[in-house]
Amino acid sequence: MSAIRRLPETLINRIAAGEVVERPASALKELVENAIDSGATRIAVTIAEGGLARIEVTDDGCGMTADEMALALERHATSKLPDDAIEQVATLGFRGEALPSIASVARLSLESRVRGAEQGWKRVVDHGQLMEEGPAALPPGTRVRVENLFGRIPARRKFLRTPRSEYAACLDVVRRLAMARPDIGFTFQHGDRRILGLQGGEGTEARVAQIIARELADNGVSIDLERGEMRLTGLAGLPTYNRGVADHQYLFVNGRPVKDRVLTGAVRGAYADMLARDRHAVLALFLQLPPEDVDVNVHPAKTEVRFRDAPAVRGFIVSGLRQALSTGDRRSAQAPDAAAMGRWQAEPARDEPSPALRSIFSGRDWSAPSPSLAEPRPVWRGSESEVLAAPQGRAEMAEELPEEAGQYPLGIARGQVANTYIVAEASDGLVLVDQHAAHERLVLERLRAAGMSEKIAASQALLMPEVVELDEPACDRLEDQAEKLLEFGLVMERFGPGAMLVRALPAALKNADPEKLLIDLADDIARHGDSLLLGEKIEYVLATMACHGSVRAGRTMSVAEMNALLREMERTPRSGQCNHGRPTWVKLSMEDVEKLFGRH
């Protein structure tokens with residue numbers, strides 16, 4: 001074994017660079033964070049070849065003197081920790097390794113001028129060696145240029161991706177930091193092409209919608225909640241406004257963009273019964289909490305954090321998101337497939353039907369019900385809901401139809417299509433409702449509301465208790481949750497090593513198959529394991545129970561049943577989408593219908 005030796009300074013810097021500077025986006029993140037911490041009101045970013053050839057960041061911040069610039073290029077030198085209380089750090093960058101680490105693996109030009117100085121100063125360091133320094137002409141602020149990143153380190157350079165991929169990573173960094181600071185103006189340029197131009201002084205919601213997608217403002221709900229010293233703000237997309245990947249989830253802790261498992265898990269839990277398993281929410285969440293309750297010093301790039309009380313943070317986010325979504329999710333954010341609509345017309349009725357069909361859903365109305373009917377009220381479980389209990393056949397007599405469609409946001413039922421979709425007439429258009437998806441949501445909300453009440457939910461006792469045989473681990477899981485499930489009206493007990501005895505079902509599920517229900521519940525509890533809080537486990541379980549108790553597609557419903565379903569949808573939270581994130585209803589305005597027939 002070789003003798004212990006002290007490493008040379010150049011190698012120390014390159015090792016540090018390996019931790020801080022992983023790719024061009026990593027270097028860009030450090031430089032933009034420094035610009036933000038300098039008090040800048042405008043930050044301009046320019047990159048070339050995805051940041052591989054050049055990265056330039058210019059700000060109008062406080063600037064640095066010549067002596068401060070020399071000190072800034074030394075390791076572990078920073079102005080962002082005035083004392084040793086690192087747990088109270090309020091700035092983005094504070095390790096003091098960014099500039100010397102970048103300078104050790106690239107050519108770095110640093111120019112800066114403090115306000116009131118006659119001129120600025122410039123230092124150029126090429127792969128750790130000081131090449132030149134002297135006066136520089138520039139307005140107050142700082143300009144940093146990084147060129148030929150990893151140019152002399154081919155072992156690192158070959159691990160970088162294509163310029164296109166590196167550009168995408170740089171854009172993501174700028175978008176996240178710009179979202180965190182709507183008070184700062186940002187410009188981002190790739191080569192000769194300007195990508196972003198954001199004015200400072202915008203509101204958080206306006207900046208978020210501008211960066212993620214402009215339609216998010218119309219398909220999302222605002223969040224502003226407090227619990228103790230924690231505060232959650234931001235913009236969350238409706239469940240029906242979702243994506244196939246999770247790259248449109250932006251999470252911030254005390255103004256710092258992070259990618260944290262606790263936060264992403266909380267988002268997934270909040271949308272659990274409103275999104276399909278392969279779909280992901282679109283949102284930007286800003287969590288504020290005391291600095292001493294979060295450790296930001298757990299990762300060299302400061303992209304991960306550790307919470308002192310992670311379960312409390314998770315619970316706050318889950319409950320806060322659910323509360324916010326319950327105020328705006330009677331809306332449906334998905335439009336029908338216009339291409340499929342076009343295929344319904346075998347023969348064109350006009351010379352130019354295509355433009356009308358292509359624009360059929362432009363200007364569509366997905367707005368929430370009118371305020372008088374959208375006010376949250378207790379979930380309706382009165383006598384009319386009993387109409388949903390048993391099929392009564394199709395009823396089409398005119399005297400059974402309500403007189404005025406205009407008094408109801410979802411209109412009045414006119415019939416069924418394929419025994420699956422309810423057709424309703426509203427004052428301003430045609431409403432189509434998926435009866436199974438809608439009733440599944442209503443049953444879930446009844447179960448949830450019953451569980452939140454002080455008394456145990458109503459049960460329907462079985463004439464003969466039913467024995468359900470399962471394997472022993474499944475019985476153990478159900479037995480552990482039996483007391484909690486009792487609150488929702490499911491009465492069961494252990495009946496030997498490999499069986500459960502079901503004595504009563506929730507009133508909302510009185511026609512469910514006990515064996516299939518218990519099998520699915522046991523699988524759900526096993527799937528989510530011990531990582532979730534009990535309340536979140538129950539949410540998954542309730543979604544499974546609701547599916548067993550809902551009106552199935554293919555069932556004939558009477559007009560009275562259909563109208564009862566529509567009325568309950570109008571007053572039930574989250575009725576705009578089913579438990580799997582699909583829309584429960586869509587609306588065609590009369591103008592859209594007229595376009596189909598060439599009348600408009």
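FYI, it's all coordinate maths here, none of it is from the lab. Nothing here was measured: the structure is a model prediction, and the numbers come from that model. Counting neighbours? That spans all protein chains shown, and the Cβs are built from the backbone with ideal geometry, glycine included.
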For Gly120, which sequence-distant residues (separation of 5 or more, or a different chain) have an amide H within less than 5 Å of its own amide H, given hydrogens modelled in the peptide plane?
-> Ala136, Leu138
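Can you give the FRET efficiency for Glu466 and Gln407, using 1/(1 + (r/R0)^6), R0 = 51 Å, r = Cβ-Cβ distance, to the nearest 0.05? Write down the numbers at each step before the final one.
Values: r = 44 Å, r/R0 = 0.87.
Once rounded, the FRET efficiency stands at 0.70.
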Could you calculate the FRET efficiency of Leu196 with Arg115 from 1/(1 + (r/R0)^6), where r is the beta carbon distance between them and R0 is 25 Å, rounded to 0.05?
-> 0.40
Inter-probe distance in nm under a simple model that places probes 7 Å from Cα toward Cβ, at Asp428 and Arg152 | 6.7
Extension gain Thr303-Glu493, at 0.36 nm per residue separation less the Cα-Cα distance, in nm?
-> 63.7 nm
FRET efficiency, 1/(1 + (r/R0)^6) with R0 51 Å, evaluated for Ala206 and Arg599 via beta carbons = 0.85
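What full-extension length gain, to one decimal in nm, is calculated for Glu483 and Arg75 as 0.36 nm per residue of separation minus the Cα-Cα distance?
Gain on stretching Glu483 to Arg75: 141.0 nm.
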With label points built 7 Å along Cα→Cβ from the Cα atoms of Glu215 and Leu7, find their separation and express it in nm.
-> 5.0
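Assigning unit charges at the beta carbon (Lys, Arg +1; Asp, Glu -1) and nothing else, what dipole magnitude in debye, to the nearest 20, does region 180-230 show about its Cα centre? Let's see the in-between values first.
Working: 6 positive and 9 negative charges, 63 e Å.
My answer is approximately 300 debye.
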